[in-house]
Amino acid sequence: MNKGYLCLVLHGHLPFVRHPEHENFLEEDWLYEAITETYLPLISVFEKLVDDGIDFRITMTLSPTLISMLSDPLLQERYLKHINTLIELSHKEIERTNWQPNFQSLAIMYLNLFCKARETFEKYHRNLVSAFKRFQDLGKLEIITCGATHGYFPLMDVCKESVRAQVKVAANHYESVFGRKPRGIWLPECGYYPGHDEILKEAGIRFFFSDSHGILHGTPRPKYGVFAPVYCKGTGVACFGRDLESSKQVWSSIEGYPGDYNYREFYRDIGFDLEYDYIRPYIHPDGVRINTGIKYYRITGPGNIKEPYNPEWARERAAQHAGNFMFNRQKQIEHLNGFMQKKPILVSPYDAELFGHWWYEGPMWLDYVIRKISCDQDEVRLITPSEYLEENPRNQVIIPSMSSWGWKGYSEMWLQGSNDWVYRHLHAASDRMTELVKSFSNADGLLRRALNQALRELLLAQSSDWAFILGTGTHISYAVRRTKDHLLRFNRLYDDIKSNFIDEEWLSDIEYKDNVFPGIDYRVHQ
Amino acid sequence: MAILRKIKEKLSAITKKSVKKQKEVVGKVTKKTPVSEMKKEIFGEHVTAVEQSKYSHPESHRARRPMPQDLPYQYGKDRIVLMVRDPWWLHTYWEVTGPTYDRLKNDLKDDFYKAKRLLRVYDVTNIIFNGSNAHRHFDVYVSEQTTNWYIDTAGPGRSWCVDYGLLLPDGRFITIVRSNTVGTPIDGPSWITDEEWMIPEEMFARLYGMGFGLGQSSPVGKAWQERVKQALFSGVLASPGMASMASPVKKGEKERKFWFVLDCELIVYGATEPDAKVTVQGKEIKLRPDGSFTLRYALPDGKQVIPVKAVSSDEVEERTITPIVSRETKSTNLAKEFSKEI
């Protein structure tokens, strides 16, 4: 009989970076890299677990923009091209490293990895959403939704219509993909503002997650801290709080597992290391060096000198870390079980892209964690939030505190000198959208298309990723451009609609470019 | 000052004019935003004849509406918006339109120019604010050009509302725009407990500490609170945000900007009959359609003996060429100390 639960949450999200207008677009690589390095390896891990009869539970966000890109034929086609190029490059690498056995074995490892990626990709008919859906249907995975375009809700509170649109578009999109309503949501950036649970409830969503202080600083005090979910006062929507101890072991840039010296070094990529003419066909067509995904070194130590990667050592370390992780959860749960009247739940959320993309051994680690928990002990059981709520329907009622899981725990990452200018425009656009919905409560034909597109543009402008990039200070120009482009398109649609003068040719063009959420209904923005 | 005022008057006049114009031309093609109109008058930019003829063209006007190049400077609405950054800080931005200022100028006459612009921040915790029943307020003076501000409330767990307005010489405050009301979160555990779900203080302290990943010890007092804040605010546990942008895995920092790496590669190339069989170090390689080939190797230190053998398709002729290459790497690392003598 288990004494408590572990709820692993992988938050899978990428902003909508589809650019049909260019043959090669740098930012689309974010998607391709994540497919090769994160989503496909995770799918392989889940497949093997199912084949081996290992029971497991994982909760995973697939953000609506990510789902849209994964199911987009143009991007699927381009991914195939991308992976074929990598296969070609790894063949060349095997030849080039002929006199360096250390590196050649790694080149072979990459060739195998890329070929396997292509095979799995084709096996699911290029649509990885169907792979994740399969594990959901098997009861192993609980897929939750997110804000439609990952808008940061706390800074949208002044126009709740937009929060509602973010939630409703996401919920409807989820339903169209998975054939049922989402039970849970990952609030973008874990950003909660009191009262938004009302909007979640309207959409039929039963639970969300907050960072630890969202619950610990809630009112009244949570009796079980973050180790049991609470219901939001007035709505009964459940809120699960992040357990920072388990988070720290994986996340922490100082003491976390991914920094182990035997793990693969992310920042040494042949895209930057090799001779220019040789690598030229595999980097950006403009000639800018970029990551290819072929990385030959291990972290080695704090300095710049790096040793070749040794997959065996890394595998061993991943197994050790998985054991350590499980042991710590056992201890934690044993301790908590002593003074709680119900079985504690430890919620450990991570960005999905941490596994595989940043932390190459992450999927392997996850595989070990799941197998060990399933086979080696009885105290801890993996669980999804839905299952937990079914088992534990009685929970304390509180008002969680505003919070996010970003830097400093609140909104500063998305609201600082470098990005505060966007809100004036975003809020004005939200107001205008509300105004349009009020004026045209039942539009059809061209007008309806324009109104739907206006909402798409507004949603795309709201993506928290742009403000985040502006906040970090790197790759700014793309984030500025995306924010402005969507707002400018929105403003022009607004003017066109107001003046009853819709330029169909132009509308078709932006419908083609920003083709997210084909089934959108502008009336959700109210 | 006078010049500034003049420009402003002109601007507001233009805005008014263009607003009026806009009304007249609703539905017509030549509609312009007030801002672009403004720019044109100020910078003396004129619509060219070509453009004019374009706009008057009855058929193709649909594609002619210009795509705006930049976001509007203003949206033509009096508005102030308040947002919460964290338990202590608010952010506000506002817009006041020309006509509103004109009205104020009319009403206040000279007092308008003597007035100070300020943000009046009201603590409206647990009350329905009617403009005069705030618990307290404090003022932040801002310049005329300012349109946004970060406000240090020093008051977690309170509700706030902000007015942007004018402080007249006689001490009267005139609200121009009033914000929405927001609540700052508390920065520690709530002092309110729920009878039904009561928990002893000491036990909550343990849960609280554990919730922040501080192990199972029972931290007490201020030191404990500080540790919690540190854990929360160090950024160590923050989400890396957009997953493709930031890694939780630390990047090794370069000590100095100067750096140097050197590697050697060897290119072996040749040609033979297109249908011949060629092996390099015993491994068969693929020839290009014209019979040529190029091989590229990372060249490690040491000696490489590279026999390249070609065999004719009928296996009658065979030739071998063997380059022998050796690489020896030496390196020196000299860092000069330099003094900052002038």
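The values are calculated or read from the model by the stated rules, or taken from the named source; none is laboratory data. Keep in mind that what you see is a predicted model, and the values were worked out from it rather than measured. Cβ coordinates were reconstructed from backbone atoms using ideal geometry, including for glycine residues, and neighbour counts include every protein chain displayed.
Check B:Asp139, B:Asp163 and return the single one that is over 25 Å from A:Pro400 (Cα atoms), buried (at least 19 other Cβ atoms within 10 Å of the Cβ) and either without any contact (Cβ under 8 Å) to a residue 40 or more places away in the chain or under 36 Å from the mean Cα position of the chain (by Cα) (or both).
Values: B:Asp139 fails: buried (at least 19 other Cβ atoms within 10 Å of the Cβ).
Only one candidate qualifies: B:Asp163.
Looking at region A:28-44, which of the residues that are surrounded by fewer than 23 Cβ atoms within 10 Å (Cβ to Cβ) and away from chain B (no Cβ under 14 Å) is nearest to A:Val347 (Cα to Cα)?
Only one residue tops the list, namely A:Ile43.
Quick grid of which residues meet (1) among the hydrophobic types (A, V, I, L, M, F, W, C); (2) surrounded by 24 or more Cβ atoms within 10 Å (Cβ to Cβ):
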| position | (1), (2) |
| --- | --- |
| A:Arg381 | no, no |
| A:Ser386 | no, no |
| A:Asn395 | no, no |
| A:Gly409 | no, yes |
| A:Lys438 | no, no |
| A:Ala443 | yes, no |
| A:Leu447 | yes, no |
| A:Ser463 | no, yes |
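Considering only residues that are within 8 Å of chain B (Cβ to nearest Cβ) and more than 17 Å from A:Phe490 (Cα to Cα), which ones fall in region A:422-442?
none
Quick one: which of A:Pro363, A:Pro385 is within 29 Å of A:Leu31 (Cα to Cα) and in contact with a Cys (Cβ under 8 Å, 6 or more places away or on another chain)?
On the way: A:Pro363 fails: in contact with a Cys (Cβ under 8 Å, 6 or more places away or on another chain).
Selected residue: A:Pro385, the only one of A:Pro363, A:Pro385 that is within 29 Å of A:Leu31 (Cα to Cα) and in contact with a Cys (Cβ under 8 Å, 6 or more places away or on another chain).
So A:Pro393 clears everything in (1) within 21 Å of the chain's Cα centre (by Cα); (2) in a loop (DSSP other than H, G, I, E, B); (3) not aliphatic (A, V, I, L, M) except one condition, right? Which one?
Looking at each condition in turn, A:Pro393 falls short on (1).
So which residues in region A:221-252 are within 11 Å of another protein chain (Cβ to nearest Cβ), modelled with pLDDT of 95 or more and over 12 Å from B:Gly211 (Cβ atoms)?
A:Val230, A:Lys233, listed by residue number.
Looking at (1) crowded, with 16+ Cβ neighbours inside 10 Å; (2) among the aromatic types (Phe, Trp, Tyr); (3) more than 8 Å from chain A (Cβ to nearest Cβ), which one does B:Tyr208 not meet, given that it meets all the others?
Among (1) crowded, with 16+ Cβ neighbours inside 10 Å; (2) among the aromatic types (Phe, Trp, Tyr); (3) more than 8 Å from chain A (Cβ to nearest Cβ), the lone unmet condition for B:Tyr208 is (3).
Of all residues in region B:54-77 being in a loop (DSSP other than H, G, I, E, B) and crowded, with 16+ Cβ neighbours inside 10 Å, which is modelled with the lowest pLDDT? Give the derivation first.
As a first pass, look at region B:54-77 and keep what is in a loop (DSSP other than H, G, I, E, B): B:57-59, B:65-77.
From what is left, the residues that are crowded, with 16+ Cβ neighbours inside 10 Å are B:65, B:68, B:71-72, B:74-76.
Values: B:Arg65: 68, B:Pro68: 77, B:Leu71: 93, B:Pro72: 92, B:Gln74: 92, B:Tyr75: 95, B:Gly76: 94.
Ranking the candidates gives B:Arg65 first.
Given the condition within 14 Å of chain A (Cβ to nearest Cβ), more than 30 Å from A:Lys484 (Cβ to Cβ) and touching a residue at least 40 places away in the same chain (Cβ under 8 Å), answer yes or no: does some residue in region B:77-94 qualify? Even if it seems obvious, please write down each step before you answer.
So in region B:77-94, the residues within 14 Å of chain A (Cβ to nearest Cβ) come out as B:77-94.
Add one more test, that the residue is more than 30 Å from A:Lys484 (Cβ to Cβ), and what stays is B:87-88.
In the following step, the residues that additionally are touching a residue at least 40 places away in the same chain (Cβ under 8 Å) were identified as B:87-88.
Yes - at least one qualifying residue is present in region B:77-94.
Based on this model, can you work out whether A:Leu89 counts as at pLDDT 95 or above, within 14 Å of chain B (Cβ to nearest Cβ), surrounded by 19 or more Cβ atoms within 10 Å (Cβ to Cβ) and within 30 Å of B:Phe293 (Cα to Cα)? Can you show your working first?
Details: at pLDDT 95 or above: yes; within 14 Å of chain B (Cβ to nearest Cβ): yes; surrounded by 19 or more Cβ atoms within 10 Å (Cβ to Cβ): yes; within 30 Å of B:Phe293 (Cα to Cα): yes.
Criteria met by A:Leu89.
Take the residues in region B:95-126 that are assigned to a loop (DSSP other than H, G, I, E, B) and either in contact with a Ser or Thr (Cβ under 8 Å, 6 or more places away or on another chain) or in contact (Cβ under 8 Å) with a residue 12 or more places away in the chain (or both), then tell me which one is surrounded by the most Cβ atoms within 10 Å (Cβ to Cβ). Spell out how you get there, then give the answer.
First, pick out the residues of region B:95-126 that are assigned to a loop (DSSP other than H, G, I, E, B): B:96-97, B:109, B:115, B:124-126.
Imposing the further condition that a residue be either in contact with a Ser or Thr (Cβ under 8 Å, 6 or more places away or on another chain) or in contact (Cβ under 8 Å) with a residue 12 or more places away in the chain (or both) reduces the set to B:96-97, B:115, B:124-126.
Working: B:Val96: 19, B:Thr97: 19, B:Ala115: 19, B:Val124: 21, B:Thr125: 17, B:Asn126: 8.
Checked region B:95-126; the qualifying residue surrounded by the most Cβ atoms within 10 Å (Cβ to Cβ) is B:Val124.
Do the conditions hold for A:Leu128, that is, is it crowded, with 22+ Cβ neighbours inside 10 Å and of a type outside the set (Asp, Glu)?
yes
Just checking, does region A:244-254 include any residue being without any contact (Cβ under 8 Å) to a residue 12 or more places away in the chain and of a type in the set (D, E, K, R)? I'd like the intermediate steps shown before the answer.
Keep residues of region A:244-254 that are without any contact (Cβ under 8 Å) to a residue 12 or more places away in the chain, which gives A:248, A:252-254.
Subsequent filtering for residues that are of a type in the set (D, E, K, R) retains A:248.
Yes, there is a match, as at least one residue in region A:244-254 is without any contact (Cβ under 8 Å) to a residue 12 or more places away in the chain and of a type in the set (D, E, K, R).
Need a quick list: helices (runs of 4 or more DSSP H) entirely within region A:231-283 having at least 2 residues that are among the hydrophobic types (A, V, I, L, M, F, W, C) and in contact with a Gly (Cβ under 9 Å, 6 or more places away or on another chain). Reasoning before the result, please.
Details: elements: A:244-251, A:270-273, A:276-279.
The qualifying helices (runs of 4 or more DSSP H) are A:244-251.
All but one of (1) at pLDDT 95 or above; (2) more than 8 Å from chain B (Cβ to nearest Cβ) hold for A:Tyr257; which doesn't?
It is condition (1) that A:Tyr257 fails.
Could you list, in sequence order, the residues of region A:172-212 that are among the hydroxyl-bearing types (Ser, Thr, Tyr), under 23 Å from A:Gly409 (Cβ atoms) and either part of a strand (DSSP E or B) or more than 14 Å from chain B (Cβ to nearest Cβ) (or both)? Please lay out each step first, then the result.
Our first condition is that a residue be among the hydroxyl-bearing types (Ser, Thr, Tyr); within region A:172-212, this holds for A:174, A:176, A:192-193, A:210, A:212.
Among the residues that remain, those that are also under 23 Å from A:Gly409 (Cβ atoms) are: A:192-193, A:210, A:212.
The answer is A:Tyr192, A:Ser210.
Can you report the number of residues in region A:338-349 which are crowded, with 23+ Cβ neighbours inside 10 Å and out of contact with any Asp or Glu (no Cβ under 7 Å at 6 or more places or on another chain)?
Residues that pass the stated criteria total 3.
Among the residues of region A:284-325 satisfying the criterion of being within 26 Å of the chain's Cα centre (by Cα) and polar (S, T, N, Q), which is nearest to A:Glu379 (Cα to Cα)?
Taking the candidates together, the pick is A:Asn324.
For the subset of region A:465-489 comprising residues that are surrounded by fewer than 24 Cβ atoms within 10 Å (Cβ to Cβ), β-branched (Val, Ile, Thr) and assigned to a helix (DSSP H, G or I), which member is nearest to the chain's Cα centre (by Cα)?
A:Thr472
Do you know which residues across region A:42-91 are in a loop (DSSP other than H, G, I, E, B) and under 19 Å from the mean Cα position of the chain (by Cα)?
Correct list: A:Arg57, A:Ser63, A:Ser71, A:Asp72.
What single numbered condition from (1) closer than 17 Å to A:Ala165 by Cα; (2) within 11 Å of chain B (Cβ to nearest Cβ); (3) touching a Gly at 6+ places or on another chain (Cβ under 6 Å); (4) not basic (Lys, Arg) fails to hold for A:Ser463?
Going through (1) closer than 17 Å to A:Ala165 by Cα; (2) within 11 Å of chain B (Cβ to nearest Cβ); (3) touching a Gly at 6+ places or on another chain (Cβ under 6 Å); (4) not basic (Lys, Arg) one by one, A:Ser463 breaks only (3).
What tally of residues in region B:164-204 results from selecting those that are within 10 Å of chain A (Cβ to nearest Cβ) and among the aliphatic types (A, V, I, L, M)?
Residues in region B:164-204 being within 10 Å of chain A (Cβ to nearest Cβ) and among the aliphatic types (A, V, I, L, M): 6 in total.
Does at least one position in region A:422-435 carry a residue that is among the acidic types (Asp, Glu), over 22 Å from A:His13 (Cβ atoms) and assigned to a loop (DSSP other than H, G, I, E, B)? Show your work before the answer.
Just the residues of region A:422-435 that are among the acidic types (Asp, Glu), to begin with: A:431, A:435.
Next, from what is left, pick out any that are over 22 Å from A:His13 (Cβ atoms): A:431, A:435.
Going one step further and asking which of them are assigned to a loop (DSSP other than H, G, I, E, B), we end up with none.
Scanning region A:422-435, I find no residue that is among the acidic types (Asp, Glu), over 22 Å from A:His13 (Cβ atoms) and assigned to a loop (DSSP other than H, G, I, E, B), so the answer is no.
I'd like to know if region A:490-503 contains one or more residues that are within 13 Å of another protein chain (Cβ to nearest Cβ), closer than 21 Å to A:Thr65 by Cβ and either β-branched (Val, Ile, Thr) or assigned to a helix (DSSP H, G or I) (or both). Walk me through it before giving the result.
Initially, region A:490-503 is screened for residues within 13 Å of another protein chain (Cβ to nearest Cβ), giving A:490-503.
Applying the additional criterion that residues be closer than 21 Å to A:Thr65 by Cβ yields A:490, A:493.
From the residues that got through so far, the ones that are either β-branched (Val, Ile, Thr) or assigned to a helix (DSSP H, G or I) (or both) too are A:490, A:493.
Checking region A:490-503: at least one residue is within 13 Å of another protein chain (Cβ to nearest Cβ), closer than 21 Å to A:Thr65 by Cβ and either β-branched (Val, Ile, Thr) or assigned to a helix (DSSP H, G or I) (or both).
Give the number of residues within region A:269-278 that are within 15 Å of A:Phe103 (Cβ to Cβ) and either more than 10 Å from every other protein chain (Cβ to nearest Cβ) or of a type in the set (Gly, Ala, Ser) (or both). Give the derivation first.
Here is the first cut: in region A:269-278, the ones within 15 Å of A:Phe103 (Cβ to Cβ) are A:269-270, A:273-275, A:278.
Those still in the list that are either more than 10 Å from every other protein chain (Cβ to nearest Cβ) or of a type in the set (Gly, Ala, Ser) (or both) too: A:269-270.
Number satisfying all stated conditions: 2.
Looking at A:Gln100, A:Gln104, which one is without any contact (Cβ under 8 Å) to a residue 24 or more places away in the chain, more than 29 Å from A:Ser404 (Cβ to Cβ) and touching a Pro at 6+ places or on another chain (Cβ under 6 Å)? First the steps, then the outcome.
Numbers: A:Gln104 fails: touching a Pro at 6+ places or on another chain (Cβ under 6 Å).
One residue alone meets the criteria, A:Gln100.
Looking at A:Tyr388, is it among the hydroxyl-bearing types (Ser, Thr, Tyr) and within 23 Å of A:Gly225 (Cβ to Cβ)? It would help to see each step written out before you state the result.
Values: among the hydroxyl-bearing types (Ser, Thr, Tyr): yes; within 23 Å of A:Gly225 (Cβ to Cβ): yes.
For A:Tyr388, the condition - among the hydroxyl-bearing types (Ser, Thr, Tyr) and within 23 Å of A:Gly225 (Cβ to Cβ) - is met.
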